[in-house]
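Beneath this line is the structure, given in structure tokens, with notes to follow.
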Amino acid sequence: MCGIVGYTGTREARDILIDGLKKLEYRGYDSAGVALQQDGELVITKAAGSVADLEKKLVNNSKNINMGIGHTRWATHGRPSDQNAPPHSSASGEISIVHNGIIENHRFLRKWLTEEAGYTFRSETDTEVLVHLIEEHYTGDLLDAVLEAISGVEGSYALVAASSREPGRLVCARQDSPLIVGFGEGENFIASDIPALLAHTRKTCILEDGEFASLTAESVEIYDAEGRLLEKETFEVTWDIEAAEKNGYKHFMLKEIMEQPVAIRETMRQRIDAAKGKVDPTELDFSSEELARLEKIYIVACGTAYHAGLIGKVVVEQLAGIPVEVDVASEFRYRNPMLGENQLAIVISQSGETADTLAALRLARSKGVKVLAITNVVGSTVSREADQVLFTWAGPEIAVASTKAYLTQLIVLYLVALYLGEGRGTLEPGQSAELVEGLLALPEQLKAILSEENTAKLCAYCDHLSGWGSAFFIGRNLDYPVAMEGALKLKEISYIHAEACAAGELKHGPLALIEEGLPVIALVTQEAVLDKTLSNIQEINARGGAVFAITQEGFDDVGRQASSVFTIPPVNDILAPVLSVVPTQLIAYYAALARGSSVDKPRNLAKSVTVE
Ligand code: M6R
């Protein structure tokens with residue numbers, strides 16, 4: 001995610017940048033830095049850690065500096081380190097930039113800049129590619145150079161550049177990563193989010209994808225990709241700081257649920273070759289012999305990440321034909337798993353710091369089993385200790401209840417399953433292309449699920465649900481782990497006791513608890529077991545239970561059997577968990593809201609469980 005702040009005016013730039021960066025720390029941070037225009041130069045100060053660490057380094061900085069750019073980093077390319085910390089400077093030191101996002105063709109550009117243009121790189125970041133590219137095109141006008149450089153760039157970026165040869169000027173560009181201009185009197189601002197601006201101005205303008213801006217203390221000019229000047233409307237922000245951090249949402253959890261279309265798109269970015277209809281997770285490095293020899297996979301994780309693992313098991317077994325065992329990490333380490341040759345362990349952890357998951361990773365490695373980590377945090381212990389890593393690009397998740405991290409874990413597991421299937425030759429003809437197409441359609445389908453009409457429907461259902469002290473979630477096959485995740489989320493934040501039950505198990509015990517009106521949320525997205533699940537719904541109806549079914553468009557019989565129905569767009573059954581879990585997240589959210597519980601920080605729980 002990262003946070004950007006830029007200032008040009010007459011006040012002390014350092015204070016404005018530090019203050020703004022602190023307001024953006026909720027976007028995640030592992031290092032921070034500023035470039036301040038001082039005596040005809042751009043002077044860079046960086047610090048690993050928080051903005052407060054950077055502030056300490058700037059205490060003795062000289063005064064009366066009126067322009068600068070700042071950045072708080074959440075690592076993507078390159079581990080958190082001083083070298084990789086922002087801002088980055090061109091070879092001459094005359095141009096400095098801060099950048100959010102991912103430059104997809106950075107490898108190609110880096111090679112070209114090194115081999116053809118003679119640049120030497122000082123960091124592992126994709127950002128450094130951009131600054132050299134801008135210098136390469138610089139002939140005295142920073143906007144022209146940025147326009148030219150960006151025309152050769154693929155990927156997402158929010159970029160702010162400064163040149164010591166053009167004092168007082170900031171040039172900005174946006175694609176798929178937010179940038180907001182703040183208008184002042186004799187001063188102007190740029191930031192990646194509104195909280196960084198609110199102490200100074202409420203008059204703002206949001207840059208759209210493909211737009212560029214040139215800011216000086218006296219003027220703001222906005223251009224399109226061809227360099228044509230645009231007339232843009234400004235708007236007054238009426239939110240307070242807290243609401244602004246949540247992008248106007250009442251809670252981080254809701255904001256993070258709504259961010260899921262973007263989060264999964266980012267996670268797929270660069271890892272799918274749509275033209276070939278194949279996945280291409282270039283970070284993975286297994287030889288074809290290794291893949292062919294694989295006899296077993298262990299997936300180990302805790303809580304929500306464990307539920308992702310349960311989906312991963314079915315998907316890997318189906319697509320790659322490798323038996324998978326899924327373990328809760330706290331059990332794995334004490335059950336003497338039969339770790340040995342020709343095995344792979346996959347550990348999943350949003351934070352990358354969960355003590356039990358880390359212990360499982362260490363146990364597997366100590367037995368000579370290779371570990372692939374799926375995590376959201378670059379530089380986390382899990383990512384550093386694993387043999388290979390696939391990051392989920394969900395951005396920082398702040399609510400204790402995991403939502404967008406979970407969805408991105410699922411996406412990575414699909415990518416892994418397809419990668420293994422392709423490498424082992426176990427996919428059916430056309431299966432890869434069909435699933436790739438399905439994966440790429442998911443962000444838009446998610447947006448449809450998150451429509452106002454749908455959220456209102458789920459909110460209304462929660463009026464009924466929130467009056468109960470207990471609820472069931474049922475499902476078969478891939479719907480069962482989704483039911484488990486739905487139940488965990490509901491109990492975690494609404495404190496309603498919720499139990500997930502494999503639908504076929506109802507009559508082996510849980511059916512005894514069904515009574516008049518009891519809420520039962522049924523996941524019904526798997527065609528192969530549709531009739532079976534419908535029979536289970538009838539069993540519940542016969543005992544007075546109130547079934548709320550989450551099903552796919554086209555499964556019309558479900559509507560005839562359940563008391564209420566929520567429909568997700570038609571989707572390949574194997575991908576359905578990515579869509580069907582979202583209504584369960586919203587049910588948990590609205591139930592918690594109705595019961596007045598603390599949504600983002602539920603009682604007794606912590607975001608990162610670093611103790612056993
Ligand atoms: O950071 P991790 O993914 O390793 O965390 C694992 C669990 O603690 C976590 O998923 C937990 O279950 C969530 N709070 C559930 O929403």
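The values are calculated or read from the model by the stated rules, or taken from the named source; none is laboratory data. As the structure is a prediction and not an experimental result, all values here were calculated from the model. Virtual Cβ from ideal backbone geometry, glycine too; neighbours counted across all protein chains shown. Please note that ligands, DNA and RNA were not included when accessible areas were found on the heavy atoms of the full protein model with its side chains. Shrake-Rupley method; radii C 1.70, N 1.55, O 1.52, S 1.80 Å.
Worth a mention:
- Within the range 275-298, tally of residues that are assigned to a loop (DSSP other than H, G, I, E, B) and open to solvent by less than 60 Å² (accessible area, probe 1.4 Å): 6
- One residue stands out in the range 348-375 among those that are charged (D, E, K, R) and more than 16 Å from the ligand (Cβ to nearest atom): the one that is nearest to the chain's Cα centre (by Cα), namely Lys370.
- Out of Ser402, Ser383, one residue alone is assigned to a helix (DSSP H, G or I), open to solvent by 10 Å² or more (accessible area, probe 1.4 Å) and within 16 Å of the ligand (Cβ to nearest atom). It is Ser383.
- Flag if Ala359 is of a type in the set (A, V, I, L, M) and in a helix (DSSP H, G or I): yes
- Residues of the range 386-398 satisfying the condition of being within 12 Å of the ligand (Cβ to nearest atom) and open to solvent by 20 Å² or more (accessible area, probe 1.4 Å): Ile398
- Tally, over the range 107-127, of residues that are in a helix (DSSP H, G or I) and polar (S, T, N, Q): 2
Each row is one residue, and each column tells you yes or no for (1) at pLDDT below 90; (2) within 20 Å of Asn188 (Cα to Cα); (3) not assigned by TED's automatic domain parsing to the domain that holds Leu159.
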| position | (1), (2), (3) |
| --- | --- |
| Ser31 | yes, no, no |
| Leu36 | no, yes, no |
| Ile44 | no, no, no |
| Val59 | yes, no, no |
| Ser81 | yes, no, no |
| Ala85 | yes, no, no |
| His99 | no, yes, no |
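- Only one entry in Glu187, Glu211, Glu218, Glu135 is modelled with pLDDT of 95 or more, under 29 Å from the mean Cα position of the chain (by Cα) and among the charged types (D, E, K, R), namely Glu211.
- Tally of residues being more than 11 Å from Ala225 (Cα to Cα), hydrophobic (A, V, I, L, M, F, W, C) and open to solvent by less than 10 Å² (accessible area, probe 1.4 Å) across the range 144-166: 7
- For the range 314-347, a residue qualifies if it is within 16 Å of the ligand (Cβ to nearest atom) and either more than 19 Å from Gly368 (Cα to Cα) or in a loop (DSSP other than H, G, I, E, B) (or both), and the qualifying residues are Val328, Ser330, Glu331, Arg333.
- Among (1) within 16 Å of the ligand (Cβ to nearest atom); (2) in contact with a helix residue (DSSP H, G or I) (Cβ under 7 Å, 6 or more places away or on another chain); (3) in the same structural domain as Pro583 (by TED's automatic domain parsing) - the single one Leu465 does not satisfy: (1)
- Output for the range 304-313, where each listed residue is open to solvent by 40 Å² or more (accessible area, probe 1.4 Å) and within 14 Å of the ligand (Cβ to nearest atom): Tyr306
- Test for Glu453: is it of a type outside the set (A, V, I, L, M) and either surrounded by 22 or more Cβ atoms within 10 Å (Cβ to Cβ) or touching a Lys or Arg at 6+ places or on another chain (Cβ under 8 Å) (or both): no
- Subset tally (residues that are more than 20 Å from the chain's Cα centre (by Cα), within 12 Å of the ligand (Cβ to nearest atom), surrounded by fewer than 17 Cβ atoms within 10 Å (Cβ to Cβ) and touching a residue at least 40 places away in the same chain (Cβ under 8 Å)) for the range 573-612: 3
- Failed item, numbered, when Pro261 is tested on (1) more than 14 Å from the ligand (Cβ to nearest atom); (2) open to solvent by 20 Å² or more (accessible area, probe 1.4 Å): (2)
Residues checked against (1) in a helix (DSSP H, G or I); (2) farther than 27 Å from Pro443 by Cβ; (3) outside the structural domain of Ser470 (by TED's automatic domain parsing):
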| position | (1), (2), (3) |
| --- | --- |
| Leu530 | yes, no, no |
| Ile537 | yes, yes, no |
| Ala549 | no, no, no |
| Val558 | yes, no, no |
| Gln585 | yes, no, no |
| Arg603 | no, yes, yes |
| Ala606 | no, yes, yes |
| Val609 | no, yes, yes |
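- Residue count for the range 11-32 satisfying the condition of being in contact with a Lys or Arg (Cβ under 8 Å, 6 or more places away or on another chain) and not charged (D, E, K, R): 3.
- Test for Asp600: is it among the charged types (D, E, K, R) and more than 30 Å from Glu245 (Cα to Cα): no
- Any hit, the range 512-534, residues being over 25 Å from Ser466 (Cβ atoms), open to solvent by 10 Å² or more (accessible area, probe 1.4 Å) and at pLDDT below 95: no
- In summary, Ala196 fulfils each of the numbered conditions (1) surrounded by 20 or more Cβ atoms within 10 Å (Cβ to Cβ); (2) modelled with pLDDT of 90 or more; (3) over 14 Å from Gly6 (Cα atoms) with the single exception of condition (3).
- Within the range 62-76, the set of residues being open to solvent by less than 30 Å² (accessible area, probe 1.4 Å) and among the small types (Gly, Ala, Ser) comprises Gly68, Gly70, Ala75.
- Residue list for the range 481-507, restricted to those being more than 12 Å from the ligand (Cβ to nearest atom), more than 14 Å from Leu518 (Cβ to Cβ) and either acidic (Asp, Glu) or assigned to a strand (DSSP E or B) (or both): Ala500, Ala502, Glu505
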